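These notes are about the structure you will find just below.
No lab work stands behind these numbers, since they all come straight from the coordinates. Nothing here was measured: the structure is a model prediction, and the numbers come from that model. Cβ: placed from backbone, ideal geometry, glycine included. Neighbour counts: every protein chain shown.
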Amino acid sequence: MNIKKYLLALGVVIIGLGLFFLNYSNSAAEASVTTVKTNDVVNTAQASQGNHRSLIVFFTRTKGVYAVGEVPIGHTHRIANYIQEATGADMYEIVPEKEYPNEYRATTEVARAERDNNERPAIKGSIPDISQYDTIYIGSPIWWGEYPMVVRTFLDQVDLNGKTVIPYTTHEGSGLGSTTAILARQFPQANILEGLAIRGSNADSDAAKIAVQTWLQRIGVLGQ
């Protein structure tokens with residue numbers, strides 16, 4: 001009987017010690033987690049930008065698109081997505097207050113009239129605070145050899161002097177058009193890097209994604 005009591009008491013002691021060490025181990029682990037400082041965590045997207053904040057601005061079309069009519073994601077939006085995937089930059093879409101026509105031909109007529117009259121179509125919603133960004137990507141389709149006038153509205157409402165400005169476009173033969181010259185003229189103190197022009201018909205392709213990656217490496221945005 002005494003032996004049974006002794007063994008029972010010994011078992012209780014062993015279980016108690018096991019629970020004690022288990023709790024101690026868990027507490028130590030929790031303590032080690034809480035001592036990690038948030039500034040020790042490296043954000044890879046920020047690292048690729050050298051810790052400078054970047055913004056991808058784009059205007060795109062899903063209706064009235066050349067040769068296809070309607071697409072689920074606009075060509076320029078796709079290129080903006082590729083840039084965002086590679087850099088982790090914020091994104092802002094320029095949306096006109098008044099929509100353009102659904103038909104391609106009608107859209108070109110409106111675009112030409114806006115260009116000829118040097119119009120500045122209103123933008124829906126507010127424009128982000130550009131002062132918090134160091135690098136600005138500006139993308140759009142090429143209309144009549146240059147930016148659509150709604151993009152010019154955006155440019156007139158921001159100051160990009162002192163910032164790194166990177167143009168990119170989608171097109172069907174016009175390349176970058178006069179976009180680089182427009183940026184250089186309007187923002188003479190900006191650091192304007194080499195732009196990228198992708199044919200809209202090729203935007204939804206692995207080749208376009210690779211072209212974006214290669215371009216970002218070439219201009220020094222991503223590590224070589």
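With a cap of 12 neighbouring Cβ atoms within 10 Å, and only residues DSSP puts in a loop, list the GluC sites (Glu not before Pro) found in the stretch 74-182.
Glu97, Glu99, Glu103
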**Request:** Multiply the residue gap between Ile73 and Trp144 by 0.36 nm, knock off their C-alpha separation, and tell me the result in nm, one decimal place.
**Result:** 23.4 nm
**Complete:** Taking Cα atoms only, Rg over Rh for the stretch 145-224 with Rh from the Kirkwood formula is 0.99
**Message:** Could you check the spin-label model distance between Glu85 and Ala106? Points 7 Å from the Cα along Cα→Cβ, value in nm.
**Reply:** 3.4
**Request:** Return a whole-number percent for the relative contact order of the stretch 83-224, with Cα pairs under 8 Å and 6 or more residues apart as the contact set.
**Result:** 20
**Fill in**
With a Förster distance of 25 angstrom and the Cβ-Cβ distance between Thr214 and Arg53, calculated FRET efficiency to the nearest 0.05 equals 0.60
